[in-house]
Structures are given as C-alpha cells and as structure tokens.
Amino acid sequence: MHLARFPRARFAHLPTPLEAAPRLGAEIGVPRLFIKRDDCTGLAGGGNKTRKLEFLLGDALAKGADTLVTQGAVQSNHVRQTAAAAARHGMACEIILEERTGSKAVDYNGSGNVLLDRLLGASIRNVPGGTDMNAELAKTAEEVRARGGKPYVIPGGGSNAIGALGYVDCAIELVRQADEQGLVIDRIVTATGSAGTHAGLVAGLALIGANIPVLGIGVRAPKETQEANVHKLALETAALLGHEDRVTREMTLANCDYVGAGYGLIDEGVIDALKLAARTEGLLFDPVYTGKAVKGLIALGREGAFKNETVVFLHTGGAQGLFGYHGEMEGSLR
Ligand SMILES: *Cc1c(COP(=O)(O)O)cnc(C)c1O
C-alpha cells in the first residue's frame, strides 16, 4: 500500500491529537479512554469529512472539475466541509439538502451548518425527505454541464473508496501515534453513518496488519444493513489499494442499538452524553453522530463491555450542528 500514488489536495491539519480522557473514562467504566481528535482537522470547523475530501479534491482537480456537487441532510457536516473545500480551491459548490428529519424549527433550518454553508458561498437546494438523492446529484451535475461547467459529484458523506482513503491514512496515523506513546489500543470506537470512516479504518488497519477491532455505533441503519455497507466499502477500498484479500467480514462490527427515534432525532440519552462529555472533559460532541456514539459508549462501558481495555474513541466532529438543536436541548441544560 502506498497512499502517495493517489492524487491528494492538502488542507487538513494533521496529525490530529490523540488525547487521554480520564475523567469521562472514570465515569463510564473505561479508565483508559483516549480520544482521537478528528474534530480538529481544521477546515471550517473540521470533522471527519475533511480527511476524505483531501483525496476527493485531489481526484476532482486531476479531472479538471470546477464545481463540486454533493448532498446531505439539512444539518450535514459533510456538506459544510465540502462547501469550504470548494471555496478554498476556487470552485463552485452545488448542494442538495434532504429534509430527512422533517424538522421545521428555525434553528435547524437556518443555524448551525446551514448558516455556515451559506457563509461559505454554496448554492443550496432543499428537497423533501425520501427523495432519490443519487438521482438529484445526477440531475444537478447535468445542469452544471449544460451551462458549461465541469461537475465533480461527491456521494453523501464522501463515502466511496476514494474518500475512504482518508481513513486508511487515519488508521496509519493513529497506530503510529500509539506506537510513539507506547499505547496498546485494544479497540477503536466510532460513529458509523455513510460508512466511509468505518470502512477506511477497517481497510487501513487490515492492510497494516494492526489487529485492532473497530466498533461502529450506528446512527441510522439497522445493524445488518450497516455492517453490509461498511464491509462492501472496506473491500472496495482495499481493492483500490490492491489488497482486497486482507479484509474479512468478521472485521466489520456495528452496534445499532442507540439510534433512538431515527437519524438526526435526539433524545435525553444523547443530551446526557453531550453534557457528560462537556462537563468532564470540555469536549463538544454533536447531536446527530458523535452524541449517539458516546451515548452507546457510555451504556456499553457501564455494562462492562470494555473491561480492562484501552479504548480510542474517534471524535469525528460535528459540534457546529449543536446550534441547529437549540430548541430540543433548551429544557435539558441544567
Ligand atoms: C458524517 C459524520 C459521521 C459518520 O461518518 P461516515 O463516514 O458517514 O460513516 C460521524 N460523525 C460526524 C460528526 C459526521 O459528520
């Protein structure tokens, strides 16, 4: 494996820190808890999509594109980071936002990531929940072509094999940091959604032979669907690197018991997780992804699932989305 063979634009702040979180760890039965701070990747608030976008922008620029086209839920962090990557490379950015949660709240629809998308100069079009988003991407790309532009379509979450290379790189970076610190990692825990982060980690760890299990905590799909999506993308990513044979089905593990009422819908468990992390470590997690994953981490930790383990939780960012959930959180902030 040799990542330098792939075109890459460089704008992420790397390596991101690997920090101990002993006060949160002590509260949840994971005394050796560490946080990999991918909320600190640096692009317009940072987050996990920035690593993927380095490889996606590399490909887009190599192909001569002048317009990025992508999609996400209204409070998508991926969309915000894509809009920033476009601005930084002098490209236009066409965004399609799916009204996936059905929320009509002013903050949800205007603050948080939406405010930032607009500040970053992206063109935004909203479509109802349940719309065929791949068809919308194709339609928008066609419109860009019709007016003489050169579109580059990035799938939701930046989750294809090229984007997942960003998390192959993260796996290498994390293992090197742990080696330098003399830290033996027993398990990595991450939120898993459009699957690129989880799949890239699995492929990267498999290719370097690190033998560290990754537990994805789901935010949308049921376990079987999520594991199948992650496995498929991990295989595609390893194949892009010439080593499909190294990824096996058992390497993909997801727990989807903490989704609650659905994607982007928060509950008291999520708010409690956000408060606990903020008040023990000063860490800001997000309502849609990391808050749900930390809710799962807390529940599993307290059940003893990580007994005697050194656990690295990957902080994938998203705190900008908090501002879209002011109304939901207002009553629970004491
Ligand atoms: C997109 C996102 C995730 C999920 O990553 P995927 O690669 O889509 O699975 C997790 N956390 C945050 C904050 C995100 O924005």
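So how do 77-88, 128-139 stack up, highest first, on mean other-Cβ count within 10 Å?
My ranking of the peptides, most packed first, is 77-88, 128-139.
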> When the Karplus curve 6.51 cos²θ - 1.76 cosθ + 1.60 is applied with θ = phi - 60°, which whole-Hz ³J(HN,Hα) does each residue of segment 226-231 get, with x for Gly and Pro?
Replying inline: 4, 4, 5, 4, 5, 4
> So what's the gap between the Cα centers of segment 261-324 and segment 175-245, to the nearest angstrom?
Replying inline: 19
> Can you give the extra length, in nm with one decimal, that the chain gains between residue 118 and residue 105 once fully stretched, where that is 0.36 nm per residue apart less the Cα-Cα distance?
Replying inline: 2.9 nm
> Can you give the accessible area per residue of the chain, in Å², using a 1.4 Å probe?
Replying inline: 40
>> Checking the cross-link filter: which aspartates and glutamates have an alpha carbon closer than 14 Å to that of residue 104, excluding same-chain neighbours under 8 positions apart?
In response: 328
> Can you list the residues, at least 5 places off or on another chain, whose amide H is less than 5 Å from the amide H of residue 187, using H built in the peptide plane?
Replying inline: 310, 312
>> How long are the semi-axes of the equivalent ellipsoid of segment 1-88, defined as square roots of 5 times the Cα gyration tensor eigenvalues? Whole Å, largest first.
In response: 31, 16, 10
>> Using a Cα-Cα cut-off of under 27 Å, which lysines could be cross-linked to residue 36, ignoring same-chain neighbours fewer than 8 residues away?
In response: 49, 52, 223, 232, 275, 292, 295, 307
> Which of the aspartates and glutamates could a cross-linker bridge to residue 139, judged by Cα under 16 Å and excluding same-chain residues fewer than eight apart?
Replying inline: 94, 98
> How much net charge surrounds residue 212 when only other residues with a Cβ under 10 Å from its Cβ are counted (Lys, Arg +1; Asp, Glu -1)?
Replying inline: 0
> All other residues with a Cβ under 15 Å from the Cβ of residue 107 taken together, and with Lys, Arg as +1 and Asp, Glu as -1, what is their net charge?
Replying inline: -3
> Kirkwood-based Rg over Rh for the chain (C-alpha set), two decimals?
Replying inline: 0.95
> What percentages, rounded to whole numbers, describe P(r) for segment 81-183 computed over all alpha carbon pairs with 10 Å bin width beginning at zero?
Replying inline: 12, 34, 31, 15, 7, 0
> Using helices alone, what [θ] at 222 nm do you get for the chain, with -39,500 (n - 2.57) per DSSP H run of 4 or more residues, divided over all residues and rounded to the nearest 500?
Replying inline: -13500 deg cm²/dmol
> In whole angstrom, and with the biggest value first, how far do the Cα coordinates of segment 250-311 range along each principal axis?
Replying inline: 29, 27, 18
> For residue 180 and residue 330 in one chain, what is 0.36 nm times their gap in residues minus the Cα-Cα distance, to one decimal in nm?
Replying inline: 49.7 nm
> With each label point set 7 Å from Cα along the Cα-Cβ vector, what nm distance links residue 239 and residue 257?
Replying inline: 3.4
>> Please list, ordered by chain and number, the residues whose modelled amide H lies under 5 Å from the amide H of residue 71; skip anything fewer than 5 residues away on the same chain.
In response: 96, 156, 157
> Quick one: if you stick a label point 7 Å off each Cα along the C-beta vector at residue 145 and residue 19, how many nm between them?
Replying inline: 4.6
> log₁₀ I(q)/I(0) of segment 195-305 at q = 0.09, 0.14, 0.18 Å⁻¹, via Debye over equal Cα point scatterers, no solvent, to two decimals?
Replying inline: -0.27, -0.61, -0.89
> So between residue 4 and residue 308, what do we pick up on full extension, going 0.36 nm a residue minus the alpha carbon distance?
Replying inline: 105.7 nm
>> Looking only at segment 174-260, where both bridge partners belong to it, what percent of the DSSP beta bridges are antiparallel (to the nearest 5)?
In response: 0
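The values are calculated or read from the model by the stated rules, or taken from the named source; none is laboratory data. Keep in mind that what you see is a predicted model, and the values were worked out from it rather than measured. Note that each Cβ is placed from the backbone with ideal geometry, even for glycine, and that neighbours are counted across all protein chains shown. Surface areas here come from the heavy atoms of the whole protein model, side chains and all, with no ligands, DNA or RNA. Shrake-Rupley method; radii C 1.70, N 1.55, O 1.52, S 1.80 Å.
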